[in-house]
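Below is one structure; the comments refer to it alone.
The values are calculated or read from the model by the stated rules, or taken from the named source; none is laboratory data. Please read these numbers as outputs of a predicted model, since none were measured by experiment. A quick note on method: Cβ atoms are made from the backbone with ideal geometry, for glycine too, and the neighbour counts reach across all protein chains shown.
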Amino acid sequence: MQAPFAQLRAVVHWRDLTPMRRRDSLLECAHPLPWLAASWTAAALAAWPVAIVCTFMFFLTALRLNHEAIHGNLGFRPRTDRRVLHALSAVMLGSNSAVAFNHVRHHRYLGTPDDLEGACGRMRLWAVIRHGPCFPIEMHRAAWRDGDAALRRRMTIDFGLNAAVVGAAVASWSPVLLYHVAAMSVAQCLTAFFAVWVTHHDCAPDDVARTQRSAILNYISYNMFLHREHHLFPGVPVRRLGILAARIAEAVPDMERRAALVVPEPRFRGRVRAMPS
């Protein structure tokens with residue numbers, strides 16, 4: 001049986017992991033940019049396999065940045081975090097203000113009927129893939145319905161940015177922009193699988209999410225598979241979740257033995273490793 005959250009907070013040192021230096025904050029914001037540039041360059045050269053890989057990595061790193069802005073882990077003021085969400089809405093399409101609303105509820109109501117985001121983690125594999133195109137629609141509809149006037153204003157800004165990007169792609173008929181809009185549309189339809197199901201499916205009743213111990217996988221996934229640690233300590237930035245995982249394993253060895261992995265592998269040895277800060 002896992003230690004209750006209150007007990008974990010008492011035995012695991014974590015508060016020293018939360019401060020973000022300005023260099024850390026700027027690096028987090030920069031992570032998606034090389035992948036976006038690489039995907040557009042590959043698309044311009046009609047190197048479609050390369051473009052798809054780079055686009056996937058762009059979406060992954062943009063999800064990480066979006067995630068950190070939602071939890072206030074970038075070291076910015078709340079107004080700046082909201083601006084980051086607006087900027088990401090423009091390049092990822094959809095409203096990240098709506099995503100933020102539902103993600104906060106996901107943490108608050110995990111595993112309950114009020115957890116709209118996490119419901120996909122309780123589906124079977126093919127069911128969640130079929131449900132994929134409906135997922136962003138449900139998220140946006142719930143945020144608009146249940147959010148306050150301020151959230152609806154932020155969502156309206158996001159939708160305006162979406163319209164501007166799509167309009168620019170159609171008006172210019174640029175292959176690069178048209179590819180980007182198409183790729184982001186597909187990515188949004190796969191978010192339920194990649195961003196929810198992968199880290200939440202088939203978890204034990206006393207577990208909050210899956211995690212990963214492979215140094216290579218944590219490196220190429222930008223630590224996004226260290227999801228159990230994030231749920232237990234959402235105030236710790238993703239860049240330091242590897243350090244946190246090692247501390248949890250040392251303080252509560254039974255929790256480490258029961259850890260459900262995102263990608264099965266031979267029983268991990270030693271401490272978890274993560275992407276260098």
Looking only at the range 107-116, decide whether some residue is surrounded by fewer than 23 Cβ atoms within 10 Å (Cβ to Cβ), under 26 Å from residue 203 (Cβ atoms) and small (Gly, Ala, Ser).
yes
Yes or no: residue 247 in contact with a Phe, Trp or Tyr (Cβ under 8 Å, 6 or more places away or on another chain), at pLDDT below 95 and either in a helix (DSSP H, G or I) or surrounded by fewer than 16 Cβ atoms within 10 Å (Cβ to Cβ) (or both)?
yes
Looking only at the range 202-214, decide whether some residue is assigned to a helix (DSSP H, G or I), over 21 Å from residue 40 (Cα atoms), at pLDDT below 95 and among the aliphatic types (A, V, I, L, M).
no
Matching residues in the range 117-145 (surrounded by 14 or more Cβ atoms within 10 Å (Cβ to Cβ) and not in a helix (DSSP H, G or I)) number 3
Of the residues in the range 208-220, those that are surrounded by fewer than 20 Cβ atoms within 10 Å (Cβ to Cβ), of a type outside the set (A, V, I, L, M) and under 23 Å from residue 70 (Cα atoms) come to 219
Can you list residue pairs whose Cβ atoms sit under 7 Å apart, with the first residue in the range 187-201 being β-branched (Val, Ile, Thr) and the second being not in a helix (DSSP H, G or I)? Count only pairs 6 or more apart in sequence or on different chains.
198/262; 199/209; 199/210; 199/225; 199/262
Within the range 19-35, does at least one residue satisfy the condition of being over 20 Å from residue 220 (Cβ atoms), of a type in the set (Phe, Trp, Tyr) and not assigned by TED's automatic domain parsing to the domain that holds residue 241?
no
Given the criteria buried (at least 16 other Cβ atoms within 10 Å of the Cβ), assigned by TED's automatic domain parsing to the domain that holds residue 14 and within 18 Å of residue 116 (Cα to Cα), does residue 231 qualify?
yes
In this structure, does residue 151 turn out to be under 20 Å from residue 55 (Cα atoms) and either assigned to a helix (DSSP H, G or I) or of a type in the set (Lys, Arg) (or both)?
no
Any idea which of (1) assigned to a loop (DSSP other than H, G, I, E, B); (2) assigned by TED's automatic domain parsing to the domain that holds residue 68; (3) among the aromatic types (Phe, Trp, Tyr) is the one residue 193 doesn't satisfy?
(1)
